[in-house]
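Comments concern the structure below.
What follows is calculated from the coordinates using simple rules that are stated; it is not laboratory data. The shown structure was predicted, so the numbers you read here are calculated from the model rather than taken from an experiment. Because the Cβ atoms are built from the backbone with ideal geometry, glycine has one as well, and the counts that use them run over all protein chains shown.
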Amino acid sequence: MPNMMSVLNDLIRRLARREITAQTKTLRKLNAQHRRDIAALKRQTGGLLKAVAFLEGQEKRRVVQPLPAPEAGAMRFRADGLRTHRASLGLSAKDYGQLVGVSGLTIYSWEAGKSRPRLQQVAKVAAVRGIGKREALKRLDLLGGGRPGEAPRRRTGGPTAKEFILSLVKGNKGASTAEINAAWIKAGRAGRANNTLGLLVREGDLKRMQAKGLRGSRYE
């Protein structure tokens, strides 16, 4: 009898090991397949993120690029036309002025007939007349302006977007795009600093340099 029990126990152990080995092998195969699937999903997600970032960059460049110059016949200024168009866009004088490149007070002065825009400014006003409300809001958002009904993005008494970046670069010459954006976000500013950086470079207030080994540029 003791020998029979010993043989039976040994058989049970062999059968248990065989079953455990079979189950473990199946689990190992499933685990390896799951790892491959996860790696494939990560690669796919990375590719999609790059595609989205590229498309966002293309859209931002399209929106913030200078508006096309109007035809000579369209470059006429009328104060009531300016008021009507601004009302149709639902923009404040400050926001409309940002699209044109002047202050809100200047817009009010033009609308009231107290002053008239120069020829170059007439061209900008005429160019703005060619865009709709959606395009105007996109441009304001990317230029750092607020949308109608939103709280202003600039704190009372705080520096403007241009002043903030110029001060930052002055204290850290050669600052990279990533460093400037990090400081921008840390300061609680909305969006990113890229559009203001591009504007400062076009206006000649900043010099853009290629950053070797880094994404983006350096500024001084």
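The calculated FRET efficiency for Ala40 paired with Arg192, based on their beta-carbon distance and R0 = 22 Å, is about 0.10. Modelled this way, with points 7 Å down the Cα-to-C-beta line, the labels at Ala16 and Arg76 are 9.9 nm from one another. Each residue of the stretch 161-172 was assigned a 3J(HN,Hα) from its phi angle through the Karplus curve 6.51 cos²θ - 1.76 cosθ + 1.60 (θ = phi - 60°); the sequence is 4, 5, 4, 4, 5, 4, 5, 5, 5, 4, x, 8 Hz, with glycine and proline shown as x.
If Rh is defined by the Kirkwood formula over all Cα pairs and Rg also comes from Cα, what ratio Rg/Rh do you get for the stretch 173-213?
Numbers: Rg = 10.6 Å, Rh = 10.9 Å.
Expressed as Rg/Rh, it is 0.97.
Amide hydrogen proximity for Ser217: with H placed 1.01 Å from N in the peptide plane, the residues at 5 or more positions away or on another chain lying under 5 Å are Thr177, Ala178.
Taking each of Lys124/Lys207; Lys42/Lys173; Lys42/Lys138; Lys162/Lys186; Lys138/Lys207 in turn, the alpha-carbon distance tops 28 angstrom for Lys42/Lys173; Lys42/Lys138. Each residue, Lys162 and Leu27, gets one label point 7 Å from its Cα in the Cβ direction; the gap between the two is 6.6 nm.
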